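These notes concern the structure reproduced below.
The values are calculated or read from the model by the stated rules, or taken from the named source; none is laboratory data. Given the structure is predicted, the values throughout are model-derived calculations rather than measurements. When we count neighbours, we look across all protein chains shown, and the Cβ atoms used for this are built from the backbone with ideal geometry, even at glycine. The protein model used for the area step is the full one, side chains on, heavy atoms only, and it has no ligands, DNA or RNA in it. Shrake-Rupley method; radii C 1.70, N 1.55, O 1.52, S 1.80 Å.
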Amino acid sequence: MSNRNRFITHATLALSLLALAATSCTSTPKEEGAAASATAAAAADTVATVAHGAYLVTIVGCHDCHTPGALYGAPDFQRALAGSEVGWSGPWGVSYARNLTPDPVTGIGAWTEDQIVLTLQTGKRPDGTDLLPPMPWPAAASMKPRDIRSIAKYLKSIIPVNHTVPTSVPPGGKASTPVITVPAPGAWDAPAARAASATP
């Protein structure tokens, strides 16, 4: 079994055990049986939702940028989604794939599920700043609400990794890390606003 599959399996198993513990620790007289069943069903639904989020994060390529080593063909799933120190250099400056683990200081542990969902839908972080390229948030925004919520739940469930990703560098600045350079666009690929301003 690959490290990635082992990581997903362990996360799902841990959530299942927590759900089982939550239901087994509750004394359930006959009249409370329905409530206990509802609690168990809700816990099972959460486990299924997190597993669906893990699946989506994998197939849409989040690990490709946010998991160390992935850009070199050797993703380290012991540090899954903990961010990268390889920058993406373009007209926006230099951006970095952020730490998406629930570490409260260096990751998104302080974000609520709703804030993660809103960020994926709007391209804006809770502090109002924009997500920078090459983060494909418009594709994420096109997902069904249930899918986005599954991703948010999954990100809140994974192992926190304390790792500070380098700060984005504004246009004209120089990065101190390796970078992948995206060239300035030609006329065909220029963003609409730039193309319009260049029209006589």
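Highest first, please rank the peptides 127-138, 108-119 by the mean number of other Cβ atoms sitting within 10 Å of their residues. Each step should come with its number before you reach the end.
Values: 127-138: 13.2, 108-119: 16.6.
Output ranking for 127-138, 108-119: 108-119, 127-138.
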For segment 50-200, projected area of the alpha-carbon convex hull averaged over all directions, nm²: 9.9
For segment 115-172: rounded, prolate or oblate by the Cα gyration tensor [a/c cutoff 1.5]: oblate
Separation of alpha-carbon centers, segment 149-179 and segment 55-88, rounded to whole Å: 10
12 Å beta-carbon shell around Asp114, net charge (K/R +1, D/E -1): +2
Per residue, in Å², the accessible surface of segment 64-200 once ligands and nucleic acids are set aside, probe 1.4 Å: 57
